[in-house]
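Here is the structure we will look at, set down as structure tokens.
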Amino acid sequence: MTLNSIGLDSKITKELAQDLNGLLANFQTYYQNLRGIHWNIKGKAFFNLHIKFEELYTDANMKVDEIAERILTLGETPLHTFADYSELAKVPVGKNISEDTKAVQLIVDSLSELLQIERAILQKAGDANDEGTNSMMSDFIAEQEKTVWMMKAWLNETV
């Protein structure tokens, strides 16, 4: 086994970085969805949702940076083209969504996909003793689970 400069198995960190690049692609799609619904939301819930969507896209933008920096920390290169993101993203793409329920449902669907990806990375990072990636995924998961709960409550649905 060859260790990298942070003491992790080089082969496994390369795989983790690939998984994180997949997460990065999905987060970029999620971020762009949030920008779109922020710009296009209409109706009686406009003021509240417009502010909430801005809060969410600001947070997503910070997470994109954290993911890219973790990939660099693992010794790999983060993806940075829309072509790469489109190829890897599993998060649904929302286009021209202006209705409040559809916008909130897009967030729930997107976060549900992100949570699946993050849990898989969490498992792999735990097995690799990669506490940095593990900690980041744990934090993302806890926060996103709460957001799903809140969005489902807004939709008057249970988790």
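Values computed for the structure shown
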| quantity | calculated |
| --- | --- |
| Inter-label distance for SER86 and LYS152, nm, one decimal - labels placed 7 Å from Cα along Cα-to-Cβ | 3.4 |
| Cα centroid separation, region 108-153 to region 1-66 (Å) | 11 |
| Cα-based Rg of region 1-45 normalised by 2.2 N^0.38 Å, two decimals | 1.96 |
| Kirkwood hydrodynamic radius (C-alpha pairs) into Stokes-Einstein, the chain, 20 °C and 1.002 mPa s, D in µm²/s | 132 |
| Compactness index (Cα Rg / 2.2 N^0.38 Å), region 72-159 | 1.27 |
| Distance between modelled label sites at TRP39 and ASP139, nm, 7 Å Cα→Cβ extension | 3.0 |
| Listed peptides 54-60, 22-28 by packing density, highest first (mean Cβ within 10 Å) | 22-28, 54-60 |
| Summed residue charge, Cβ within 10 Å of PRO78's Cβ, Lys/Arg positive, Asp/Glu negative | -3 |
| Label-point separation, ARG119 to LEU3 (7 Å along Cα→Cβ), nm | 3.3 |
| Percentage, to the nearest whole number, of Cα pairs in region 29-71 over 14 Å apart | 48 |
| Fewest-first ranking of ARG35, ARG119, ARG70, using other Cβ atoms within 10 Å as the exposure measure | ARG119, ARG35, ARG70 |
| Greater than 32 Å apart at Cα, pairs in LYS44/LYS95; LYS42/LYS124; LYS11/LYS146; LYS63/LYS95 | LYS42/LYS124; LYS11/LYS146 |
| Unit charges on C-beta of K, R, D, E only; dipole of region 10-154, Debye | 560 |
| Efficiency of FRET between SER112 and LYS14 - r from beta-carbon atoms, R0 22 angstrom, step 0.05 | 0.20 |
| Taking the chain and dividing mean pair separation by its residue count, relative contact order in percent (alpha carbons under 8 Å, at least six apart) | 28 |
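Laboratory data are not the source of any read-out in this text; all were calculated from the coordinates shown. Everything numeric in this text was worked out from a predicted model, so none of it was measured. Positions of Cβ are backbone-derived with ideal geometry, glycine not excepted, and every protein chain shown enters the neighbour counts.
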